[in-house]
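Contents: one structure, followed by commentary.
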Amino acid sequence: MSRVEKAVVLQRPWRQFVNQVRHYFESQDFLEVSTPTLVTCPGTEPHIDYFSTEWKVGSKTQKFFLPTSPEIHLKKILCFGEKRIFEIAKSYRNGEISEIHQPEFWMIEWYRVGQELTVLMDDCVQLIEIASGSKQRIQKLSVAEAFAQFGCELKPDCNLQQMRSFCSQLGLNFSQDDSLNDLFARICVDKIEAQLDSDTVTILHSYPPFQSANAKISRQGWADRFEIYWRGMELANAFYEVTDAEVQRQRWQAELSERAKLQREIPLLDEELLDLMKTQLPACSGIALGLERLFLAAHRLKSLDQIRLFPKSSDCFQS
């Protein structure tokens with residue numbers, strides 16, 4: 001059976017899975033929404049490249065991007081008063097191609113107003129059981145506990161010198177030009193993620209504040225966020241969301257400064273969301289989960305090519 005024929009066979013279970021996911025959220029009184037595919041701000045994460053295009057009407061032009069996630073517009077909907085929302089959407093990231101990376105991919109993103117991250121953890125466990133058809137082993141592990149397994153005492157105020165010391169202690173090579181985030185990522189990928197039990201769903205939570213992204217800082221000094229790993233893949237990234245407009249602006253600007261250092265494209269900030277956040281974004285938790293990755297993990301598949309009828313590959317480039 002050819003690759004395409006095998007992918008065709010998997011289309012029915014894939015669609016059944018998506019319908020089950022949709023039913024789960026509808027049963028939880030969520031509103032399914034749809035956000036734009038052409039946006040002025042696709043996100044500010046420093047290490048993600050964009051797809052861009054141009055809208056032309058007569059002599060007028062406007063630059064747009066394909067969204068790296070629907071986050072910004074979903075938060076606007078929360079500002080308009082909705083309490084529980086989700087979207088199953090295509091998202092787009094340039095410069096990525098591997099067995100589990102495609103330039104366009106299916107993501108589900110959802111938000112709960114007034115609820116903690118533990119409720120989102122429960123949502124994820126339910127989705128994993130829906131995907132796999134059975135209960136799975138779950139472990140919840142703080143980032144500090146994960147570092148402690150390698151003899152490293154991580155504290156919220158960890159600085160660059162301490163992280164360099166951890167890398168030296170763990171036998172990891174690094175450059176003096178590496179940032180605090182670079183060194184943290186190296187330890188996470190080469191040590192922590194590498195030793196996770198593939199068949200156990202790991203919820204890694206409570207990150208150091210320099211890894212806060214969109215998360216609030218807890219009273220204990222940790223960034224209130226979590227990521228989920230299962231069967232060799234990162235599946236989801238969740239935050240107890242920042243709701244202060246000025247803090248959000250500062251973080252976005254810091255990320256854009258990092259993008260400039262990396263010589264990546266600099267988009268405009270979404271001023272509409274920042275204006276709405278000044279008075280209207282309630283306390284909420286939110287998460288983005290890779291739907292196709294979850295399906296792969298549940299069915300012990302290794303590559304998106306196995307479920308894609310028309311996957312992109314490096315062979316697509318014309319010589």
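The values are calculated or read from the model by the stated rules, or taken from the named source; none is laboratory data. Keep in mind it's a predicted model, so treat the numbers as computed, not measured. Note: ideal-geometry Cβ built from the backbone for every residue, glycine included; neighbour counts use all protein chains shown. Heavy atoms of the whole protein, side chains included, go into the accessibility calculation; ligands, DNA and RNA do not. Shrake-Rupley method; radii C 1.70, N 1.55, O 1.52, S 1.80 Å.
Screening the candidates PHE65, PHE25, PHE51, PHE86 for the property of being surrounded by 19 or more Cβ atoms within 10 Å (Cβ to Cβ), of a type in the set (A, V, I, L, M, F, W, C) and under 30 Å from LEU180 (Cα atoms) yields one hit, PHE65. If you go through the range 256-291 and keep only what is open to solvent by 20 Å² or more (accessible area, probe 1.4 Å), in contact with an Asp or Glu (Cβ under 8 Å, 6 or more places away or on another chain) and more than 24 Å from ALA89 (Cα to Cα), you end up with just ARG264. Of all residue pairs spaced 6 or more apart or on separate chains, those with beta-carbon atoms under 7 Å, a first member in the range 144-168 that is farther than 14 Å from GLY221 by Cβ and a second member that is not in a helix (DSSP H, G or I) are ALA146/LEU204; PHE147/LEU154; PHE150/LEU170; ARG164/PHE174; PHE166/CYS152; CYS167/PHE174. Checked against (1) within 18 Å of ASN214 (Cα to Cα); (2) out of contact with any strand residue (DSSP E or B) (no Cβ under 8 Å at 6 or more places or on another chain); (3) open to solvent by 40 Å² or more (accessible area, probe 1.4 Å), CYS79 passes all but a single condition, namely (3). When GLY58, GLY43 are checked against the criterion of being over 25 Å from PHE295 (Cα atoms) and surrounded by fewer than 14 Cβ atoms within 10 Å (Cβ to Cβ), a single residue qualifies: GLY58. Selection over the range 222-255 of residues that are charged (D, E, K, R), over 14 Å from the mean Cα position of the chain (by Cα) and open to solvent by less than 60 Å² (accessible area, probe 1.4 Å) gives a count of 5.
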